[in-house]
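Input: a single structure, listed below in C-alpha coordinates.
The values are calculated or read from the model by the stated rules, or taken from the named source; none is laboratory data. On a predicted model such as this, the values are computed, not experimentally measured, just so you know. Ideal geometry is used to build each Cβ from the backbone, glycine not excepted, and the neighbour counts take in all protein chains shown. The protein model used for the area step is the full one, side chains on, heavy atoms only, and it has no ligands, DNA or RNA in it. Shrake-Rupley method; radii C 1.70, N 1.55, O 1.52, S 1.80 Å.
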Amino acid sequence: MRRRVGIALLLCVALVAAAADLLASDLPLYCVVDGHAYVLPCLAAPDALRGLDQQALATRATSLVGTPIAYGPYAQRPGGRLVPLASPSAAHLLGTDDRGRDVAARLVHGARVVCVIGPLAVAVYLAFGALVGIACALRPWVDVALSRLIEASLSIPALLLVLAVQGLRGGGSALQLALVIALAEWPFAARLTRAEALRVVASPHVLAARGLGASAARIAWHHVLPLALGPARVLAAFGLGQAVLFEAALGALGFGVSPPTASWGELLAQASQHARWWLLLPPSLAIGVVVLGARLLVDDDD
(Lines give C-alpha, C1' and ligand atoms only; values in the text may rest on other atoms or scores of the structure.)
Protein backbone atom coordinates (compact mmCIF):
# COMPACT_ATOMS: atom_id res chain seq x y z
CA MET A 1 0.00 0.00 0.00
CA ARG A 2 2.74 2.45 0.91
CA ARG A 3 4.65 1.67 -2.25
CA ARG A 4 1.55 2.43 -4.30
CA VAL A 5 1.23 5.76 -2.51
CA GLY A 6 4.86 6.54 -3.33
CA ILE A 7 4.35 5.69 -6.99
CA ALA A 8 1.21 7.84 -7.07
CA LEU A 9 3.03 10.83 -5.54
CA LEU A 10 5.93 10.62 -7.98
CA LEU A 11 3.56 10.06 -10.89
CA CYS A 12 1.65 13.21 -9.96
CA VAL A 13 4.87 15.23 -9.99
CA ALA A 14 5.82 13.73 -13.36
CA LEU A 15 2.40 14.54 -14.82
CA VAL A 16 2.61 18.13 -13.57
CA ALA A 17 6.03 18.46 -15.21
CA ALA A 18 4.82 16.95 -18.49
CA ALA A 19 1.71 19.18 -18.59
CA ALA A 20 3.39 22.34 -17.28
CA ASP A 21 2.59 24.35 -20.41
CA LEU A 22 -1.04 23.28 -20.20
CA LEU A 23 -1.26 24.29 -16.55
CA ALA A 24 0.65 27.58 -16.53
CA SER A 25 1.28 29.62 -19.65
CA ASP A 26 1.14 33.15 -21.02
CA LEU A 27 -1.13 31.90 -23.80
CA PRO A 28 -4.48 30.11 -23.33
CA LEU A 29 -5.63 26.63 -24.24
CA TYR A 30 -7.96 28.00 -26.92
CA CYS A 31 -8.87 31.41 -28.25
CA VAL A 32 -10.46 33.15 -31.21
CA VAL A 33 -8.69 36.38 -32.20
CA ASP A 34 -9.57 38.50 -35.24
CA GLY A 35 -11.67 35.65 -36.62
CA HIS A 36 -8.91 33.05 -36.34
CA ALA A 37 -9.21 30.12 -33.93
CA TYR A 38 -6.09 28.96 -32.14
CA VAL A 39 -6.03 25.54 -30.48
CA LEU A 40 -3.42 25.04 -27.76
CA PRO A 41 -1.45 28.19 -28.53
CA CYS A 42 0.18 27.62 -25.13
CA LEU A 43 2.10 24.79 -26.82
CA ALA A 44 2.48 26.08 -30.36
CA ALA A 45 3.13 29.78 -29.53
CA PRO A 46 1.94 31.07 -32.96
CA ASP A 47 3.63 34.17 -34.37
CA ALA A 48 0.27 35.96 -34.61
CA LEU A 49 0.01 35.93 -30.80
CA ARG A 50 3.63 36.86 -30.14
CA GLY A 51 3.94 39.47 -27.41
CA LEU A 52 0.43 38.85 -26.09
CA ASP A 53 -0.63 37.18 -22.86
CA GLN A 54 -3.91 35.95 -21.44
CA GLN A 55 -4.55 39.27 -19.71
CA ALA A 56 -4.28 41.16 -23.00
CA LEU A 57 -6.25 38.51 -24.89
CA ALA A 58 -9.10 38.72 -22.38
CA THR A 59 -10.17 42.05 -23.91
CA ARG A 60 -9.26 41.23 -27.51
CA ALA A 61 -10.39 37.63 -28.05
CA THR A 62 -14.01 36.83 -28.84
CA SER A 63 -13.61 33.42 -27.20
CA LEU A 64 -10.97 32.25 -24.75
CA VAL A 65 -10.31 29.17 -22.61
CA GLY A 66 -7.44 29.93 -20.30
CA THR A 67 -4.96 27.68 -18.53
CA PRO A 68 -5.56 27.01 -14.81
CA ILE A 69 -2.69 29.41 -14.03
CA ALA A 70 -2.94 32.36 -16.39
CA TYR A 71 0.77 33.20 -16.35
CA GLY A 72 3.96 31.77 -17.72
CA PRO A 73 7.00 31.16 -15.52
CA TYR A 74 8.93 34.11 -16.95
CA ALA A 75 6.20 36.77 -17.22
CA GLN A 76 7.26 39.77 -15.12
CA ARG A 77 4.63 42.23 -16.34
CA PRO A 78 1.45 40.25 -17.06
CA GLY A 79 -1.14 42.62 -18.43
CA GLY A 80 1.47 45.40 -18.32
CA ARG A 81 1.60 45.47 -14.49
CA LEU A 82 4.68 44.80 -12.37
CA VAL A 83 3.76 43.50 -8.89
CA PRO A 84 6.87 42.12 -7.15
CA LEU A 85 6.48 40.20 -3.86
CA ALA A 86 2.68 40.43 -3.98
CA SER A 87 0.98 38.23 -1.39
CA PRO A 88 -1.39 35.45 -2.51
CA SER A 89 -4.62 36.76 -4.01
CA ALA A 90 -7.25 35.89 -6.57
CA ALA A 91 -4.94 37.16 -9.31
CA HIS A 92 -1.88 35.23 -8.07
CA LEU A 93 -2.89 32.22 -5.98
CA LEU A 94 0.59 31.78 -4.52
CA GLY A 95 1.72 35.38 -4.84
CA THR A 96 4.64 36.69 -6.90
CA ASP A 97 8.41 36.63 -6.51
CA ASP A 98 10.80 39.57 -6.33
CA ARG A 99 10.58 40.11 -10.10
CA GLY A 100 6.81 39.98 -10.32
CA ARG A 101 6.66 36.43 -11.69
CA ASP A 102 3.82 34.18 -10.58
CA VAL A 103 5.02 31.72 -7.91
CA ALA A 104 2.45 29.05 -8.85
CA ALA A 105 3.63 29.11 -12.49
CA ARG A 106 7.26 28.81 -11.46
CA LEU A 107 6.41 26.02 -9.03
CA VAL A 108 4.69 24.03 -11.78
CA HIS A 109 7.50 24.54 -14.30
CA GLY A 110 10.11 23.85 -11.62
CA ALA A 111 8.84 20.27 -11.52
CA ARG A 112 10.51 19.79 -14.91
CA VAL A 113 13.93 20.47 -13.41
CA VAL A 114 13.25 17.88 -10.71
CA CYS A 115 12.11 15.30 -13.27
CA VAL A 116 15.32 15.80 -15.27
CA ILE A 117 17.87 16.01 -12.47
CA GLY A 118 16.59 13.21 -10.21
CA PRO A 119 16.15 10.30 -12.65
CA LEU A 120 19.14 11.27 -14.79
CA ALA A 121 21.54 11.60 -11.86
CA VAL A 122 20.39 8.27 -10.41
CA ALA A 123 20.65 6.49 -13.76
CA VAL A 124 24.19 7.78 -14.41
CA TYR A 125 25.67 7.04 -11.02
CA LEU A 126 23.98 3.64 -10.74
CA ALA A 127 25.28 2.61 -14.17
CA PHE A 128 28.82 3.76 -13.46
CA GLY A 129 28.79 2.46 -9.89
CA ALA A 130 27.53 -0.95 -11.03
CA LEU A 131 30.23 -1.13 -13.70
CA VAL A 132 32.96 -0.36 -11.16
CA GLY A 133 31.54 -2.71 -8.53
CA ILE A 134 31.24 -5.68 -10.87
CA ALA A 135 34.72 -5.06 -12.29
CA CYS A 136 36.07 -5.19 -8.74
CA ALA A 137 34.36 -8.52 -8.09
CA LEU A 138 35.58 -10.21 -11.28
CA ARG A 139 39.24 -9.18 -11.26
CA PRO A 140 41.23 -9.07 -7.97
CA TRP A 141 43.89 -6.72 -9.33
CA VAL A 142 41.15 -4.34 -10.51
CA ASP A 143 39.56 -4.59 -7.07
CA VAL A 144 42.77 -3.42 -5.40
CA ALA A 145 42.99 -0.30 -7.56
CA LEU A 146 39.32 0.66 -7.74
CA SER A 147 38.64 -0.02 -4.06
CA ARG A 148 41.18 2.63 -3.14
CA LEU A 149 39.48 5.02 -5.57
CA ILE A 150 36.09 4.29 -4.01
CA GLU A 151 37.45 4.84 -0.50
CA ALA A 152 39.09 8.12 -1.50
CA SER A 153 35.90 9.34 -3.15
CA LEU A 154 33.80 8.41 -0.13
CA SER A 155 36.03 10.54 2.07
CA ILE A 156 34.80 13.69 0.30
CA PRO A 157 31.36 14.88 1.48
CA ALA A 158 28.99 14.68 -1.48
CA LEU A 159 27.42 18.11 -0.97
CA LEU A 160 30.85 19.73 -0.60
CA LEU A 161 32.01 18.19 -3.87
CA VAL A 162 28.86 19.31 -5.70
CA LEU A 163 29.23 22.83 -4.30
CA ALA A 164 32.88 22.98 -5.36
CA VAL A 165 32.18 21.88 -8.93
CA GLN A 166 29.14 24.12 -9.32
CA GLY A 167 31.04 27.03 -7.79
CA LEU A 168 33.84 26.63 -10.33
CA ARG A 169 31.41 26.44 -13.23
CA GLY A 170 29.05 29.13 -11.90
CA GLY A 171 25.77 27.22 -12.21
CA GLY A 172 24.54 25.60 -15.39
CA SER A 173 21.79 23.54 -16.96
CA ALA A 174 19.74 20.80 -15.33
CA LEU A 175 21.79 18.27 -17.33
CA GLN A 176 25.05 19.61 -15.91
CA LEU A 177 23.69 19.57 -12.37
CA ALA A 178 22.52 15.97 -12.77
CA LEU A 179 26.00 14.91 -13.94
CA VAL A 180 27.64 16.73 -11.03
CA ILE A 181 25.36 14.95 -8.56
CA ALA A 182 26.20 11.64 -10.24
CA LEU A 183 29.90 12.45 -9.85
CA ALA A 184 29.40 12.85 -6.11
CA GLU A 185 27.17 9.80 -5.61
CA TRP A 186 28.72 7.05 -7.74
CA PRO A 187 31.06 5.75 -4.96
CA PHE A 188 28.06 4.77 -2.82
CA ALA A 189 26.59 2.75 -5.68
CA ALA A 190 29.98 1.21 -6.44
CA ARG A 191 30.59 0.16 -2.84
CA LEU A 192 27.14 -1.41 -2.51
CA THR A 193 27.33 -3.19 -5.87
CA ARG A 194 30.86 -4.43 -5.19
CA ALA A 195 29.85 -6.01 -1.89
CA GLU A 196 26.89 -7.81 -3.44
CA ALA A 197 28.85 -8.80 -6.56
CA LEU A 198 31.60 -10.39 -4.44
CA ARG A 199 28.96 -12.54 -2.76
CA VAL A 200 27.39 -13.52 -6.10
CA VAL A 201 30.75 -14.35 -7.73
CA ALA A 202 31.42 -16.91 -5.00
CA SER A 203 28.03 -18.60 -5.47
CA PRO A 204 27.79 -22.12 -6.98
CA HIS A 205 26.03 -21.13 -10.20
CA VAL A 206 28.80 -18.64 -11.11
CA LEU A 207 31.50 -21.24 -10.34
CA ALA A 208 29.62 -23.69 -12.54
CA ALA A 209 29.44 -21.15 -15.37
CA ARG A 210 33.18 -20.64 -15.13
CA GLY A 211 33.73 -24.37 -15.18
CA LEU A 212 31.72 -24.58 -18.41
CA GLY A 213 34.00 -21.99 -20.00
CA ALA A 214 31.75 -18.92 -19.87
CA SER A 215 33.58 -15.69 -20.58
CA ALA A 216 33.99 -12.97 -17.97
CA ALA A 217 31.65 -10.69 -19.92
CA ARG A 218 28.94 -13.36 -20.06
CA ILE A 219 29.29 -14.10 -16.35
CA ALA A 220 29.10 -10.41 -15.51
CA TRP A 221 26.07 -9.70 -17.72
CA HIS A 222 23.98 -12.84 -17.20
CA HIS A 223 24.93 -14.08 -13.73
CA VAL A 224 26.37 -11.27 -11.60
CA LEU A 225 24.66 -8.07 -12.71
CA PRO A 226 20.99 -9.12 -12.21
CA LEU A 227 21.66 -10.25 -8.63
CA ALA A 228 24.14 -7.52 -7.71
CA LEU A 229 21.69 -4.77 -8.64
CA GLY A 230 19.10 -5.87 -6.07
CA PRO A 231 20.33 -3.61 -3.23
CA ALA A 232 21.12 -0.88 -5.76
CA ARG A 233 17.40 -0.51 -6.49
CA VAL A 234 16.89 0.61 -2.91
CA LEU A 235 19.77 3.05 -3.30
CA ALA A 236 18.10 4.38 -6.47
CA ALA A 237 14.88 5.20 -4.62
CA PHE A 238 16.71 7.02 -1.86
CA GLY A 239 18.99 8.65 -4.43
CA LEU A 240 16.02 10.16 -6.23
CA GLY A 241 14.95 12.01 -3.10
CA GLN A 242 18.53 12.98 -2.33
CA ALA A 243 19.05 14.43 -5.82
CA VAL A 244 16.00 16.65 -5.32
CA LEU A 245 17.38 17.81 -1.97
CA PHE A 246 20.73 18.55 -3.63
CA GLU A 247 19.00 20.66 -6.28
CA ALA A 248 17.07 22.56 -3.63
CA ALA A 249 20.17 23.16 -1.51
CA LEU A 250 22.25 24.31 -4.47
CA GLY A 251 19.47 26.53 -5.75
CA ALA A 252 19.01 28.11 -2.33
CA LEU A 253 22.76 28.83 -2.21
CA GLY A 254 22.78 30.26 -5.72
CA PHE A 255 24.60 27.35 -7.40
CA GLY A 256 21.63 25.61 -8.98
CA VAL A 257 20.36 25.78 -12.54
CA SER A 258 21.09 29.06 -14.25
CA PRO A 259 18.39 31.75 -14.15
CA PRO A 260 15.81 32.47 -15.37
CA THR A 261 15.02 28.71 -15.42
CA ALA A 262 12.24 28.01 -12.91
CA SER A 263 13.31 25.72 -10.08
CA TRP A 264 12.20 24.99 -6.54
CA GLY A 265 15.65 25.78 -5.21
CA GLU A 266 15.50 29.24 -6.76
CA LEU A 267 12.22 29.94 -4.94
CA LEU A 268 13.88 28.90 -1.67
CA ALA A 269 16.75 31.28 -2.42
CA GLN A 270 14.27 34.12 -2.79
CA ALA A 271 12.55 33.07 0.43
CA SER A 272 15.84 33.39 2.31
CA GLN A 273 16.36 36.88 0.88
CA HIS A 274 12.88 38.31 1.32
CA ALA A 275 11.33 36.25 4.14
CA ARG A 276 7.97 35.71 2.44
CA TRP A 277 6.08 32.58 3.41
CA TRP A 278 4.61 32.07 -0.06
CA LEU A 279 8.15 31.74 -1.42
CA LEU A 280 9.10 29.19 1.25
CA LEU A 281 6.11 26.97 1.91
CA PRO A 282 5.03 25.85 -1.63
CA PRO A 283 8.46 24.65 -2.82
CA SER A 284 9.16 23.07 0.57
CA LEU A 285 5.94 21.07 0.36
CA ALA A 286 6.68 20.07 -3.23
CA ILE A 287 10.16 18.85 -2.27
CA GLY A 288 8.63 16.96 0.64
CA VAL A 289 6.19 15.20 -1.70
CA VAL A 290 9.02 13.96 -3.94
CA VAL A 291 11.22 12.86 -1.04
CA LEU A 292 8.30 11.09 0.65
CA GLY A 293 7.29 9.38 -2.59
CA ALA A 294 10.85 8.16 -3.13
CA ARG A 295 11.04 6.89 0.45
CA LEU A 296 7.77 4.98 0.14
CA LEU A 297 9.01 3.20 -2.99
CA VAL A 298 11.30 1.03 -0.88
CA ASP A 299 8.73 0.26 1.78
CA ASP A 300 7.64 -3.38 1.64
CA ASP A 301 4.90 -3.01 4.24
CA ASP A 302 1.60 -3.72 2.45
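See the values below:
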read-out	value
Cα-centre dipole for the chain with unit charges at Cβ (Lys and Arg positive, Asp and Glu negative), debye to 20	520 debye
The stretch 1-67, accessible surface, carbon-and-sulfur percent (1.4 angstrom probe)	63 percent
Cα principal axis extents for the stretch 1-108, largest first, Å	53, 32, 21
Local electrostatic count, S147, Cβ distance below 12 Å [Lys/Arg +1, Asp/Glu -1]	+2
Candidates G254, G80, G72, ranked by Gaussian network fluctuation over the chain, Cα under 10 Å, top entry	G80
Principal-axis tilt of helix 174-201 within the chain, Cα atoms, nearest 10 degrees	30 degrees
P(r), alpha carbons of the stretch 1-64 - 5 Å bins starting at zero, rounded %	4, 17, 23, 17, 9, 8, 8, 7, 5, 3, 0
Simple Cβ-charge dipole of the stretch 19-139, Lys/Arg +1 and Asp/Glu -1, about Cα centre, in debye nearest 20	280 debye
C-alpha long axis of helix 2-18 to longest principal axis of the chain, angle in °	50 degrees
Cα-based helix-to-principal-axis angle, 264-274 vs the chain, degrees rounded to 10	60 degrees
For peptides 139-150, 118-129, sequence by mean Cβ density within 10 Å, most packed first	118-129, 139-150
Dipole of the chain, positive end: most advanced residue of V5, L138, Q54 [Cβ charges, Cα centre]	L138
Positive-end extreme of charge dipole, the chain - chosen from G211, C31, L192 (charges on Cβ)	G211
Percentage relative contact order, the stretch 24-85, counting C-alpha pairs under 8 Å, at least six apart	44 percent
Selected from L57, L160, L245 as most flexible by GNM, with the chain as the system and alpha-carbon contacts under 10 Å	L160
Accessible area expressed per residue, the stretch 24-136, with surrounding protein chains retained (probe 1.4 Å, Å²)	45 Å²
Listed residues L159, W221, G66: farthest to the positive end of the dipole of the chain (Cβ charges)	W221
Net dipole in debye of the stretch 178-251 [+1 Lys, Arg Cβ; -1 Asp, Glu Cβ; about Cα centre; nearest 20]	340 debye
Cα shape, the stretch 139-229, gyration tensor, a/c 1.5 rule	prolate
Value at 222 nm in deg cm²/dmol, rounded to 500, when DSSP H runs of n ≥ 4 in the chain each add -39,500 (n - 2.57)	-20500 deg cm²/dmol
Apportionment of accessible area to carbon and sulfur, the stretch 130-282, percent (1.4 Å)	71 percent
Relative contact order %, the stretch 69-159, counting alpha carbon pairs below 8 Å whose residues are six or more apart	18 percent
Rounded Å value of the spacing that divides the Cα centres of the stretch 172-229 and the stretch 56-121	44 Å
Tensor-based shape of the stretch 120-183 (alpha-carbon gyration tensor, a/c under 1.5 rounded, otherwise prolate or oblate)	oblate
Cα point-scatterer Debye curve for the chain, base-10 log of I(q)/I(0) at q = 0.08, 0.14, 0.15 Å⁻¹	-0.47, -1.02, -1.11
Candidates E266, E196, E247, ranked by Gaussian network fluctuation over the chain, Cα under 10 Å, top entry	E196
Intensity falloff of the stretch 155-302 expressed as log10 I(q)/I(0), Debye formula with alpha-carbon point scatterers, at q = 0.09, 0.11 Å⁻¹	-0.42, -0.57
Sequence-separation-based contact order of the chain, relative, with Cα cut under 8 Å and 6+ spacing, percent	23 percent
